[in-house]
Amino acid sequence: MPAFDPSHTQLSVIIVSADSGPSLRDCVKSVLACTVPLELLLIDNASSDGIPQAIARARENDARFKVIYNHANLGFGPAVNRAVSQAHGDVLLILNPDCLIDDASLRRLLDVLATEHKAGLVGAVVCDAQGVPDPASFRRDPVLGRALATLFKRSGGVNAHSIPDHVVDAEAVSGAVMLIRDHVFETLHGFDEKYFLHCEDLDLCRRVRDAGWRVLLAGDVRVLHGKGGSSKHRPVFVSYHKHRGMWRWFRKFDPSARNPLLATVVWTGIWLRFLLKIPGQWLRMMTR
């Protein structure tokens, strides 16, 4: 294999792992099977399963691959930011450790980013093993009215009614697959590190749009997403940070947060929802 030359690397793929399980091996394999010139930075948040170390040993002769070890779980956004500081590419692909991407899909995403006017960030349609699209692939800002519509299963909610099969502008795309220009990411100072897990992708999409770039969904690109391999054994922990992220996004971006009484009601509703979910999460974890 020829020596790795960072000056010719146009794409940096960043994967964050945290006890992500065996699917991480397949994710890394799928990326390194692509023919696009790239580097892959796997940044590990103190996993105890030994899989990142095993992958590093198996891939020690592949100069495109690098593992960065954190000594604690820093959270998703902070880990990505640290990996980006060591990346060489002009374009960043942020990829979940339970996603599988192929060469054609990767090239299509790069083409959309390169050819669409003012494109700053491009997402893909993430699907389960049966090919069913995740509604989170094509979302709108979760302002209070939309969040309530989603909660009560009414029209006008956060998720779109249908997933398009072509390139469209989006308010937000899934953080499982996000292609973004490095200079856009750097201009925005990366992910907001006050999110630990969940909603940081919504936050980044909003800031990309606010800064004048377009967020796009490549509806013709479908990526298999295993859905939460690292969260299955700690659902309450993940749920806590998801609800904490909801509150932070609301405080930053929703005009309703300017009303102290309404903000108090929203805060109460978010944490009541979290508490009500705990028994079911514990039961599902115990019966696996």
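Take the residues in region 88-104 that are surrounded by fewer than 21 Cβ atoms within 10 Å (Cβ to Cβ) and more than 14 Å from the chain's Cα centre (by Cα); name whichever of them is nearest to His225 (Cα to Cα). My answer is Asp102. Condition check for Asp254 on (1) of a type outside the set (A, V, I, L, M, F, W, C); (2) in the same structural domain as Leu106 (by TED's automatic domain parsing); (3) surrounded by 19 or more Cβ atoms within 10 Å (Cβ to Cβ); (4) more than 18 Å from Phe274 (Cα to Cα): one failure, at (2). All of Leu216, Leu188 fail the test of being under 23 Å from Pro133 (Cβ atoms) and in the same structural domain as Ala136 (by TED's automatic domain parsing), apart from Leu216.
Rundown of residues vs (1) in contact with a helix residue (DSSP H, G or I) (Cβ under 7 Å, 6 or more places away or on another chain); (2) closer than 18 Å to Arg251 by Cα; (3) in a strand (DSSP E or B), yes/no style:
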| site | (1), (2), (3) |
| --- | --- |
| Gly175 | yes, no, no |
| Phe185 | yes, no, no |
| Phe191 | yes, yes, no |
| Leu197 | yes, yes, no |
| Asp203 | yes, yes, no |
| Arg207 | no, yes, no |
| Arg222 | no, no, yes |
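Under the condition of being of a type outside the set (A, V, I, L, M, F, W, C) and surrounded by 15 or more Cβ atoms within 10 Å (Cβ to Cβ), the residues counted in region 266-288 number 3.
A single entry from Ala218, Ala263, Ala211 fulfils the requirement of being touching a Gly at 6+ places or on another chain (Cβ under 8 Å), surrounded by fewer than 18 Cβ atoms within 10 Å (Cβ to Cβ) and not charged (D, E, K, R): Ala211.
Evaluated against (1) in a loop (DSSP other than H, G, I, E, B); (2) modelled with pLDDT of 95 or more; (3) of a type in the set (Gly, Ala, Ser), Ala218 falls short on exactly one condition, (1). Return yes or no: is Lys242 surrounded by 11 or more Cβ atoms within 10 Å (Cβ to Cβ), touching an Asp or Glu at 6+ places or on another chain (Cβ under 9 Å) and either closer than 22 Å to Gly175 by Cβ or modelled with pLDDT under 90 (or both)? So Lys242 fails the test.
Output the residue which, of all residues in region 134-167 that are among the β-branched types (Val, Ile, Thr) and not in a loop (DSSP other than H, G, I, E, B), is farthest from Ala124 (Cα to Cα). So that I can check it myself, show each step before the final result.
So the first thing to find is which residues in region 134-167 are among the β-branched types (Val, Ile, Thr), and the list is 143, 150, 158, 163, 167.
Filter once more, so that each one left must be not in a loop (DSSP other than H, G, I, E, B): 150, 167.
Values: Thr150: 22, Val167: 10 Å.
Taking the candidates together, the pick is Thr150.
So which residues in region 106-132 are part of a strand (DSSP E or B) and either without any contact (Cβ under 8 Å) to a residue 60 or more places away in the chain or crowded, with 20+ Cβ neighbours inside 10 Å (or both)?
Listed by number, the residues that qualify are Ala119, Gly120, Leu121, Val122, Gly123, Ala124, Val125, Val126.
Listed by first and then second residue, the pairs with beta-carbon distance under 8 Å, at least 6 apart or on different chains, first residue in region 150-171 and surrounded by fewer than 11 Cβ atoms within 10 Å (Cβ to Cβ) and hydroxyl-bearing (Ser, Thr, Tyr), second at pLDDT below 95 and not in a strand (DSSP E or B), are Ser155/Ala149; Ser155/His161. Each residue in region 47-71 was checked for being among the β-branched types (Val, Ile, Thr) and surrounded by fewer than 18 Cβ atoms within 10 Å (Cβ to Cβ), and 1 of them qualify. The residues of region 94-132 that are farther than 28 Å from Ala18 by Cα and among the hydroxyl-bearing types (Ser, Thr, Tyr) amount to a single one, Thr115. Ser155 meets the conditions (1) within 19 Å of Phe76 (Cα to Cα); (2) touching a His at 6+ places or on another chain (Cβ under 8 Å) in every case but one. The failed one is (1).
The values are calculated or read from the model by the stated rules, or taken from the named source; none is laboratory data. Just so it is clear, the model here is predicted, and its values are computed rather than measured. Glycine also receives a Cβ, built like all others from the backbone with ideal geometry; neighbour counts cover every protein chain displayed.
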